[in-house]
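Comments concern the structure below.
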Amino acid sequence: MYDTVIIGAGMSGLAAGIRLAHYDQRVCILERHYTIGGLNSFYRLGGRDYDVGLHAVTNYSAKGTRKGPLARILKQLRFRWEEFSLSEQIGSAIAFPGVKLSFTNDVRFLEAEVERCFPSEVDNFRGLLTKIADYDELDDETFDLSTRQVLGEIFTEPLLIEMLLCPTMWYGNARERDMDWGQFCIMFRSIFLEGFARPLAGVRLILKKLIKRFRSLGGELKLRAGVQQIRVEDDRAVGVVLDSGEQIEAKQVVSSAGFVETMRLCDDITEPDVTAAGQLSFAESICTLDCQPRDLGYQETIVFFNDTASFHWETPAELCDLRTGVICSPNNFAYGEAQEALPEGTIRVSLLANFRRWNELSEEDYPLEKLRWLDRCLESAVRFCPDFRSRVVATDMFTPKTIRRFTWHDNGAVYGAPKKRLDGATHLRNLFLCGSDQGFVGIIGAMVSGISIANRLLVGGVPEPTVS
């Protein structure tokens, strides 16, 4: 009998496990796959290491900072700031036709860029900063307001609204076409008020730190241990049944699988509402270069691009949407002398993608379409950065099918369901959600989610069941 069983060894599940294990709970994390990390993982191909998911760690704060999500994680998981080895971004940009807003981890730089490109809006932008600073991220009443409506009441320049929506939606919005105001505030803070950083070793360093800490506290991790069913008696989860048939008993269950996906596992629910699942997914092309991107004139850490004045955030009709994307170079962080440890360059390009279309491809057509869309993806990207294609020595590409396989989210939904459940509650008194469907996304956000649910369990603050 475990005190807590956690479904999924992603960032949120690992953080929840560590937090609970610190208080002598007997915790077991169950992971369907052969490796940890979920969406934010890594793999090795052709002698090279590749990150999946991680472009940058958002919510960066400098050493000694006592407030903010990163400081909270370090304190509650009992890590030192140095252990994550974070190096700040060099600088990023939002690129639309004829207009480019650059930004760093100092929001005053972005403010100056807004004044340069949209001089009549700078006072309104300062007002937005105040409004976001005052926002309470646990305020259920205003969380799901329309961000487009709120920004439309602040700004008179439609293009500036579209440009501010582009990075915040790309890095944390599960809702098509619009964005919950609460989620916009969270993402704006994480990107512009706090900023980007990255360990030189990538996501594997963070994952190794988390799993080492979890095991040192007596936590158990079972890989290749997919959950087939959550056993329910009355209004409580009493344990899980694995794909192998093994049954595991637990006093409480925490799931990072997503709301719809978790409801599907509960043996007291016959038909979960699959329309509530997220729809937005990505395809990403990863290119290894024989030089540093900066040698080719690519100076930015991340470029969020859009090729029209209107930003379209929705599931594309084709396999991918070439109109908007994200270009990221893991090389372009302020690593200092450690930069020499990166002899090759890397550029990653992400596009919106259609899970259903990718999933319907035959085994023969799937690899051919990957090659075709990799070429089209890079062709789209080089409109907004120096053309690096002649320096590419290796490539790989993952699609919504890959995301589905490693996260088990319906439709390969990167940010989960549009409706967030901030209290993590379900219809069962001792079954809770953590991760993207609880409401916090990204590496830091996912860990904050796991910690917040663990803290709720530790203090016995079990919420009343909600309607599924």
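The values are calculated or read from the model by the stated rules, or taken from the named source; none is laboratory data. Fair warning: this is a prediction, and the values are worked out from it, not measured in the lab. All Cβ positions, glycine included, derive from the backbone under ideal geometry; neighbour counts span all protein chains shown.
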**OP:** Go through region 244-267 residue by residue and tally those that are touching a residue at least 60 places away in the same chain (Cβ under 8 Å) and over 27 Å from the mean Cα position of the chain (by Cα).
**Re:** 4
**OP:** From (1) in contact with an Asp or Glu (Cβ under 9 Å, 6 or more places away or on another chain); (2) at pLDDT below 95; (3) among the aliphatic types (A, V, I, L, M), pick out the condition that doesn't hold for Leu200.
**Re:** (1)
**OP:** Check every one of the helices (runs of 4 or more DSSP H) wholly within region 127-245 and list those with 2 or more residues that are among the aromatic types (Phe, Trp, Tyr).
**Re:** 181-188
Original post:
In region 1-52, which residues are among the basic types (Lys, Arg) and in contact (Cβ under 8 Å) with a residue 12 or more places away in the chain?
Top reply: Arg19, Arg26, Arg32, Arg48
Subject >> Residue satisfying all of: in region 160-190; of a type in the set (D, E, K, R) and in contact with a helix residue (DSSP H, G or I) (Cβ under 9 Å, 6 or more places away or on another chain); surrounded by the fewest Cβ atoms within 10 Å (Cβ to Cβ) among these >> reply: Arg177
Subject >> Residue list for region 53-80, filter: aliphatic (A, V, I, L, M) and closer than 25 Å to Ile453 by Cα >> reply: Leu54, Ala56, Val57, Leu70, Ala71, Ile73, Leu74, Leu77
**OP:** Give, as residue ranges, the helices (runs of 4 or more DSSP H) completely inside region 349-468 that count at least 3 residues that are under 25 Å from Arg32 (Cα atoms).
**Re:** 355-359, 400-407, 442-458
Subject >> Filtered residue count, region 75-102, keeping only those that are closer than 28 Å to Gly202 by Cα, hydrophobic (A, V, I, L, M, F, W, C) and out of contact with any Phe, Trp or Tyr (no Cβ under 6 Å at 6 or more places or on another chain) >> reply: 8
Original post:
List pairs: first in region 96-112 and more than 18 Å from Gln299 (Cβ to Cβ), second surrounded by fewer than 18 Cβ atoms within 10 Å (Cβ to Cβ) and not hydrophobic (A, V, I, L, M, F, W, C), Cβ under 9 Å, 6+ apart or cross-chain?
Top reply: Phe96/Asp307; Phe96/Thr308; Pro97/Asp307; Pro97/Thr308; Glu111/Arg126
Subject >> Looking only at region 297-310, and only at residues there that are touching a helix residue (DSSP H, G or I) at 6+ places or on another chain (Cβ under 6 Å) and crowded, with 22+ Cβ neighbours inside 10 Å, the one that is farthest from Val99 (Cα to Cα) >> reply: Phe304
Original post:
Among the residues of region 15-35, which ones are in a loop (DSSP other than H, G, I, E, B), under 17 Å from Lys208 (Cα atoms) and touching a Lys or Arg at 6+ places or on another chain (Cβ under 9 Å)?
Top reply: Glu31, His33, Tyr34
Original post:
Give me the pairs: first residue in region 194-217 and over 18 Å from Ser61 (Cα atoms) and not assigned by TED's automatic domain parsing to the domain that holds Cys328, second residue surrounded by fewer than 19 Cβ atoms within 10 Å (Cβ to Cβ) and at pLDDT 95 or above, beta-carbon distance under 6 Å, and six or more apart or on different chains, which are they?
Top reply: Lys209/Glu83
Subject >> Members of region 381-403 found to be of a type in the set (Val, Ile, Thr), modelled with pLDDT of 95 or more and out of contact with any Phe, Trp or Tyr (no Cβ under 8 Å at 6 or more places or on another chain), listed by number >> reply: Val392, Val393, Thr395
Subject >> Any hit, region 422-436, residues being under 24 Å from Glu176 (Cα atoms), touching a Ser or Thr at 6+ places or on another chain (Cβ under 6 Å), among the polar types (S, T, N, Q) and assigned by TED's automatic domain parsing to the domain that holds Ile7 >> reply: no
Original post:
Could you say which residue among Gly91, Gly64, Gly13, Gly47 is surrounded by 21 or more Cβ atoms within 10 Å (Cβ to Cβ) and of a type outside the set (D, E, K, R)?
Top reply: Gly13
